[in-house]
Structure formats: structure tokens, C-alpha cells
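The values are calculated or read from the model by the stated rules, or taken from the named source; none is laboratory data. Owing to the predicted nature of the structure, the values given are computational and were not obtained by experimental measurement. With ideal geometry, Cβ positions are generated from the backbone for all residues, glycine too; neighbour counts draw on all protein chains shown.
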Amino acid sequence: MRLTKSRRLILELLWKSGRPTGAYELVKSMQHTGIESVGPPTVYRALEFLMKQGLVSKIESRNAYIPCTHPERNHICLFFLCGSCGNSVEFEDQRLERLIAENAAQLKFKAARRVVEVEGICERCLTASGA
Ligand SMILES: [Zn+2]
Ligand SMILES: [Zn+2]
């Protein structure tokens, strides 16, 4: 698959960020690179494309985007989101995948976006707070 320069740059910025990043922040970072001056529509279009390709997931609860750690296959993205440092970890679990597939089949529901968001506190933040 070929990526245009701005799409590739957005994907790189998301990887570098390591946490869910909002579109506005991406626009800012793009402008900082000085490579291209881009506006929000370009960024939204690129994100839309990257999501369709399964390279990026949207974290609805934060209105932010995160690169997918295993885009090579169609899967459910399970994200653990730390409310303290803002980091997120993606987890892959076949059981969850099967469960949702089975339930969807029972309902004769054609599932599209399958992103599970779990909010909480990460191990590092827990340790740091001494809890
Ligand atoms: Zn994923
Ligand atoms: Zn944390």
C-alpha cells in the first residue's frame, strides 16, 4: 500500500507520540515539522484513510487517534487508557474477538468498528503514587 507524504507523516507522528493524539495536536505537529503546511481537513482526511486501512484507531472517549500495533489483520482493538499520564496500551485477545463475533452472529449484526476502551490507571502511575 502506498501512503502519501502527509498520511505517512501523520502515522509517524502518532507512533512517536505513543499515546492517543487529537487531530488538532497533529495539525500543530505537522506545522512544526515545517515539511508541509497543512490544515485540519487534510489531517482529518488522512486519519479517515488510515482508519479505513486499519492502521489507526480512534479513541472515542478522548476524541483522539492511536496507531494500531497489529494492523496486518482485521481485529478488535482493546485499549487500556491511563487517566493519569494519558498513555495507552493495546492488547490483543482472541477470546474477546470470538465473543463479539459470536454475539454479533446471534443478533445477525454486521459489526464494523470494534474498539474497546478501558479507562483506569497504568502500572507506572500506580507505582509512582505509591498506591
Ligand atoms: Zn489494533
Ligand atoms: Zn499512567
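Key figures for this structure:
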| item | result |
| --- | --- |
| Matching entry among 105, 101 (being surrounded by fewer than 12 Cβ atoms within 10 Å (Cβ to Cβ), among the small types (Gly, Ala, Ser) and without any contact (Cβ under 8 Å) to a residue 12 or more places away in the chain) | 105 |
| The stretch 112-131, subset within 16 Å of ligand 2 (Cβ to nearest atom), on the phi < 0 side of the Ramachandran plot and at pLDDT below 90, residue surrounded by the fewest Cβ atoms within 10 Å (Cβ to Cβ) | 131 |
| Subset of the stretch 35-68 [under 11 Å from the mean Cα position of the chain (by Cα) and either loosely packed, with under 13 Cβ neighbours inside 10 Å or among the aliphatic types (A, V, I, L, M) (or both)] | 47, 50, 51, 55, 56, 59, 60, 63, 64, 66 |
| Residue among 61, 6, 88, 37 that alone is out of contact with any Pro (no Cβ under 8 Å at 6 or more places or on another chain), among the hydroxyl-bearing types (Ser, Thr, Tyr) and within 16 Å of ligand 2 (Cβ to nearest atom) | 61 |
| Residue within the stretch 43-51 that is in a loop (DSSP other than H, G, I, E, B) and closer than 25 Å to residue 119 by Cα present | no |
| Criterion (in contact with an Asp or Glu (Cβ under 9 Å, 6 or more places away or on another chain) and modelled with pLDDT of 85 or more) met by exactly one of 91, 79, 109 | 79 |
| Answer from 13, 9, 26, 81 - the residue that is under 17 Å from the mean Cα position of the chain (by Cα), outside any helix (DSSP H, G or I) and more than 12 Å from ligand 1 (Cβ to nearest atom) | 81 |
| Number of the condition not met by residue 69 [criteria: (1) within 16 Å of ligand 2 (Cβ to nearest atom); (2) in a loop (DSSP other than H, G, I, E, B); (3) of a type in the set (Val, Ile, Thr)] | (1) |
| Residue in the stretch 34-42 that is outside any helix (DSSP H, G or I) and within 16 Å of ligand 1 (Cβ to nearest atom) present | no |
